[in-house]
Amino acid sequence: MTRYDREPMTPLRRRFIDDLRLRNMSPRTIETYVLRVVLFARHFGRSPELLGADEVRRYQQHLLTRQVSWSMFNQSVCALRFLYNVTLGRPHVIRHLPFAKRPRMLPTVLSPEEVVRLLDAARPGRDRTLLDVAYSCGLRLKELVGLRVADIDSARMVLHIRHGKGQKQRFVPLSPRLLAALRAYWRQYRPATWLFPGINKPTQALTGGAVQRLCRRTAQRANLSKLITPHTLRHSFATHLLEAGVDLLSVQALLGHSHFNTTAKYLHVSMRRLQTLPQLLEGLVMPARPVLATAAPEGQG
């Protein structure tokens, strides 16, 4: 049961949630959309059924004044688009509802040597194995904590990712080294269902917050000054694959990206590729400059 199921339900909220579920939205997305619509309604003190295009536009201006993050702004836009277009059947309300332009920021990437330092600084056992899997398989945080013991297919040497973004599933290869590390981890901890169970609640998966704190502590022990999150390991995995010569389509499949452009951004941070590019001027044949004759001093010649 999620948070929006425990709260008192208005008929509109129930219809909104049912419409989202019918389109197979993830529980996380449904909860986020409901929250954004609730905040919109609270801002005006009225039901969204009584609000229109003017209020939606004013609410966008309100979010800009508050300087909310790009993700929060666009989550609100997506939630309101769905509410008025699908649930309320009033598409004219959001016909000219713009999205915010996403800032183009390059991801933080560790060098291979920094990845080794981070893994060596991790506590042996669960912490080391968890970070090793996160990097070696290029997983999102949700995918990492959602792993089950049954997702390890040792016969095919693959890891089955069942909780990908947009409810998509995929397989990622397991190296012999990583498979051996997972077997050693299982012999030590004997996880039953979840590959990385919670510390205090072993019947539940480890939370994303616990993994983020683990990552920060390990980065501090490794004396790494970069801001490192679990997603940093995913960025590093993708960049290192490109630097090793793996083609973009293969990297896209391994990461589970729906769009090619999402994967292509790693070309901008693959410094090893850029450093191998020939210098432009070195490849040009520069014409020889003519030697200018100097005038003879007066009285000579």
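The values are calculated or read from the model by the stated rules, or taken from the named source; none is laboratory data. Since the model is a prediction, treat every value here as computed from it, not as a measurement. Note: ideal-geometry Cβ built from the backbone for every residue, glycine included; neighbour counts use all protein chains shown. These area figures cover heavy atoms from the full protein model, side chains too; ligands, DNA and RNA do not enter into them. Shrake-Rupley method; radii C 1.70, N 1.55, O 1.52, S 1.80 Å.
A few remarks follow.
- Sub-6 Å Cβ pairs linking a first residue in segment 211-228 that is at positive phi to a second residue that is surrounded by fewer than 18 Cβ atoms within 10 Å (Cβ to Cβ) and in a helix (DSSP H, G or I), at least 6 apart or interchain, number zero.
- Of residues in segment 49-68 being open to solvent by less than 60 Å² (accessible area, probe 1.4 Å) and not in a helix (DSSP H, G or I), the one nearest to residue 10 (Cα to Cα): 51
- Any chance residue 71 is at pLDDT below 90 and either of a type outside the set (A, V, I, L, M) or over 20 Å from the mean Cα position of the chain (by Cα) (or both): yes
- Filter result for residue 120 (in contact with a strand residue (DSSP E or B) (Cβ under 6 Å, 6 or more places away or on another chain) and not hydrophobic (A, V, I, L, M, F, W, C)): no
- Listed by first and then second residue, the pairs with beta-carbon distance under 7 Å, at least 6 apart or on different chains, first residue in segment 102-117 and acidic (Asp, Glu), second part of a loop (DSSP other than H, G, I, E, B) and at pLDDT 80 or above, are 114/224.
- Checking each residue in segment 180-199 for being within 27 Å of the chain's Cα centre (by Cα) and either loosely packed, with under 14 Cβ neighbours inside 10 Å or assigned to a strand (DSSP E or B) (or both) picks out 193, 194, 197, 199.
- For segment 8-22, filtering for residues that are free of Cβ contacts under 8 Å to residues at least 40 places away in the same chain and surrounded by 10 or more Cβ atoms within 10 Å (Cβ to Cβ) leaves 7.
- Filtered residues of segment 159-174 (kept if in contact with a strand residue (DSSP E or B) (Cβ under 8 Å, 6 or more places away or on another chain), more than 16 Å from residue 251 (Cβ to Cβ) and surrounded by fewer than 17 Cβ atoms within 10 Å (Cβ to Cβ)): 160, 162, 169
- Scan of segment 41-61 for residues that are touching a helix residue (DSSP H, G or I) at 6+ places or on another chain (Cβ under 9 Å) and under 16 Å from residue 75 (Cβ atoms), ordered by number: 41, 43, 48, 56, 59, 60
- Subset of segment 134-147 (residues that are aliphatic (A, V, I, L, M), open to solvent by less than 20 Å² (accessible area, probe 1.4 Å) and either on the phi > 0 side of the Ramachandran plot or in contact (Cβ under 8 Å) with a residue 60 or more places away in the chain (or both)): 134, 139, 144
- When 42, 46 are screened for being more than 28 Å from residue 146 (Cβ to Cβ), open to solvent by 80 Å² or more (accessible area, probe 1.4 Å), outside any helix (DSSP H, G or I) and of a type in the set (D, E, K, R), only 46 passes.
- Checking each residue in segment 108-133 for being open to solvent by 30 Å² or more (accessible area, probe 1.4 Å) and touching a Lys or Arg at 6+ places or on another chain (Cβ under 8 Å) picks out 108, 114.
- Positions within segment 130-179 being assigned to a helix (DSSP H, G or I) and of a type in the set (A, V, I, L, M, F, W, C), in sequence order: 130, 131, 133, 134, 137, 141, 144, 145, 149, 150, 178, 179
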